[in-house]
Each structure stands twice: as C-alpha cells, then as structure tokens.
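The values are calculated or read from the model by the stated rules, or taken from the named source; none is laboratory data. Because the structure is predicted, anything quoted here is derived from the model rather than measured. Every residue, glycine as well, gets a Cβ built from its backbone with ideal geometry; the counts of neighbours run over all protein chains shown. In case anyone asks, the SASA skips ligands and DNA or RNA and just uses the protein heavy atoms, side chains included. Shrake-Rupley method; radii C 1.70, N 1.55, O 1.52, S 1.80 Å.
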Amino acid sequence: MARLLIYGNPHSPLVGARGRLGLQAGHEIHWFAALPAPFPDVVAHAMPGWARAPFARLLLEPFFLSKTLYAIQPDLVHVHYASKGLAALPLARWRGPLVVTAMGSDILPVQGTAWPYLPMTRRLLERADAITSKSDFMDTALQRIGDYSSKLHRITWGIDLTTFRPDLDTIALRQAWRIPAETLVFLDPRGGSALYNKHIILMAFARYVQEGGPAAVLLVAEVTPDPAYMASLRRQAEELGIADSVRFVGHLLHDRMAGVFALADLTLSVPVSDGLPQSLYEALACGSFPIVGDLPQYDGVVQDGVTGLRVPVGDGDALALAMKQAASQPDLRQRAAVLGRAYVEQHADARVETAKLLALYEIL
C-alpha cells in the first residue's frame, strides 16, 4: 500500500471520483485543496479560511501545499489539471514520483496557457514523471508546450457503462420538466459561460422552431454558471419567443446525468474551445445523438453523418440546419446510437481505464 497525495478540486465530480481511484488498490489517499475534500475515505488537507480569498490564495497556496508535501511525505503525488499557477514551484522541487493529468482547459491557448499561466504550466509538465492525456489532440496540444512524448500515457478515464446506458426509465424526468410524451428533447449539458456558446444554441433552436422542425424542448444545463450570462440567456429566450420550449435545469448533479442523457434525443455541444469532455462519452453511451462543433478535439469520436453531426463553431444557421436534419431522421439517430455505444465500450470503459491508472501508479 502506498501513500498518495491528490492535488485538485475535490468539489468537481470528475476530479473527486478520479482522485479516489487509488483506494481500489488499497492505497492511502491524502488530498490537498483550498477547501477540505468532503470524502470520509481520504485524509483532507486544506488551507485555513483566512487564506482562501482570491489574492491571498494565489500567493499562499504554494506555501500550504509545500507544508503538506513535507508533512506527509507521500509515495506519489497526482495533480489534476496542469495549470496550477505558483503552486507549480513546490511541485517542481518535490523529488518523489509525480503524475499530472491534463484535461484541456489547462493546456489550450484560449484558457490555460495564456500569459501568465504558461511558464508555471510548462514547469510543472517538465517536472512530471508521467502525464495523462485523453486524446491525440491533447497530445498535440501538450507537444506545443514542450517535448513530453516519452511520458505521455493515454487514459480516457472512461465512464461506468452499467450506469450510462440507453434503456433507463426517463418518465419521471419527462414529467418533472413538463415534456409531452412525443416531444423530442435537445440537451445542452455544458458549462454556464459564454465559452460554451449557449446563446448560439438558443438562436439555432429558435430558428429550428420557426422553420417547423418536429416538436422539441431544449434543456439548458447551468454548470458552474456565470450569473450575468445565464440571466442574459433567459432574456434571450423570452425575446426569441421560445421561452415555453426551453427549460433551464440548473446545475445537474452527476448522479442524475445518466437519466438526462438517456432522455435526450440529441445532445448539443459547440464551445469555442474544448478538451474531450466526458459528457460526449456519456451521451454516446446513452444513445443520445451528438451535434458538435468542428473542433479537431472530436476527430475520431464523432464521425459526421455517422455517429453524429459536425457544424462550424459559431454558425447558428448551420447548427439549426443540423438540428432539423437529425430531428427529422430517426433512422440516422438509431444507427448512430448503436455505433456510439460500441465506440465507448471499446475506448471509454471506466473499468479498463482505472486498471491502466493503477498500473501506472505501481510502475512509478
């Protein structure tokens, strides 16, 4: 049994689940974050309340991380997300095995590698003994920062295929959101900020309704919302005359997402920038037809006209056309559902991906 230190946001459902995978191999998990990790099966190390204010945290997080490292002397440190600001400094000095998981927002120019983050991100990646990446696209993004080819490891993390499946009972959700039985469901599951182009999805849905597409309701998730942006979306829905057909469904908890994806006939995701979101795997596993932007991140996962549709990012007219095309062709959606499920079974089975991670821990 080893003593592992996880460094990442434990209040992110994905990081919270991934950081605890070592428990399956009997490892002892310690967790460092600004806020205490809310898990009874890990030892939480957090910053004091007075140090959590944004500017204080920026300066003091490296100190408290360093203090934790030397207090517990972990056998391995696993950092979730490569953009850690000044906290890269104590990690770079640490001499034990270090794993860094890159996720997309932390290594792409739109977000994580803009100045002043890039030098610290590069320093952390150079120090890492192993870097986990979900896709060829992310490998390429990492290689633009530095030559890390010798320490890249493909881990998609995967999803629980017994939880995310197409045959779930969705009657209660349909009733809760007042969706008539024969009405199609469009789902926008992404974050509540302008990065995710939710305003363009609303514009496209309004055109879809105006042009007489099959009866449909649009569900809009509000994950980590920007309050001003979400308020503007509600006004936009009213102004476009589609408020009665749009449901703003709040911050959906991860344990409800399987049912939501099984309910959704089509899943929409057209952000300005992206990694390879788990929500895409989840949609495919549940038989929801994806309409995504033409970002190279999705190459190999969504094949245009086969397992989904691809549209130019920012083009509301093209998105509306794709929505109408998919909504009007149930045979296309049914074929894609079979192929999408087969893809995630091959490439994103959580059991296989967990075994790969635990083997990497053993090697290090």
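Observations on the model:
- Residue in the range 305-314 that is open to solvent by 20 Å² or more (accessible area, probe 1.4 Å), in a helix (DSSP H, G or I), more than 27 Å from Leu14 (Cβ to Cβ) and not small (Gly, Ala, Ser) present: no
- Scope the range 214-254; condition open to solvent by less than 10 Å² (accessible area, probe 1.4 Å) and assigned to a helix (DSSP H, G or I); matching residues: Met230, Leu233, Ala237
- Checklist (1) within 25 Å of Ile29 (Cβ to Cβ); (2) surrounded by 16 or more Cβ atoms within 10 Å (Cβ to Cβ) applied to Phe63, failing item: (2)
- Summed over the range 188-213, the residues that are under 12 Å from Ser245 (Cα atoms) and either open to solvent by less than 10 Å² (accessible area, probe 1.4 Å) or assigned to a loop (DSSP other than H, G, I, E, B) (or both) give a count of 4.
- Of the criteria (1) of a type outside the set (A, V, I, L, M, F, W, C); (2) open to solvent by less than 50 Å² (accessible area, probe 1.4 Å); (3) in contact with a strand residue (DSSP E or B) (Cβ under 9 Å, 6 or more places away or on another chain); (4) outside any strand (DSSP E or B), which one Pro290 fails: (4)
- Qualifying residue in the range 167-183 (condition: open to solvent by less than 20 Å² (accessible area, probe 1.4 Å), at pLDDT 95 or above and under 20 Å from the mean Cα position of the chain (by Cα)): no
- Qualifying residue in the range 118-125 (condition: part of a loop (DSSP other than H, G, I, E, B), touching a helix residue (DSSP H, G or I) at 6+ places or on another chain (Cβ under 6 Å) and on the phi < 0 side of the Ramachandran plot): no
- Test result for Gln325, in contact with a strand residue (DSSP E or B) (Cβ under 9 Å, 6 or more places away or on another chain) and either of a type in the set (Ser, Thr, Tyr) or open to solvent by 50 Å² or more (accessible area, probe 1.4 Å) (or both): yes
- The lone exception for Trp157 - which of (1) at positive phi; (2) in a helix (DSSP H, G or I) it fails: (2)
- Qualifying residue in the range 37-55 (condition: in a strand (DSSP E or B), at pLDDT 95 or above and under 27 Å from Met138 (Cβ atoms)): no
- In the range 257-287, of all residues being part of a loop (DSSP other than H, G, I, E, B) and of a type in the set (Asp, Glu), the one that is surrounded by the fewest Cβ atoms within 10 Å (Cβ to Cβ) corresponds to Asp265.
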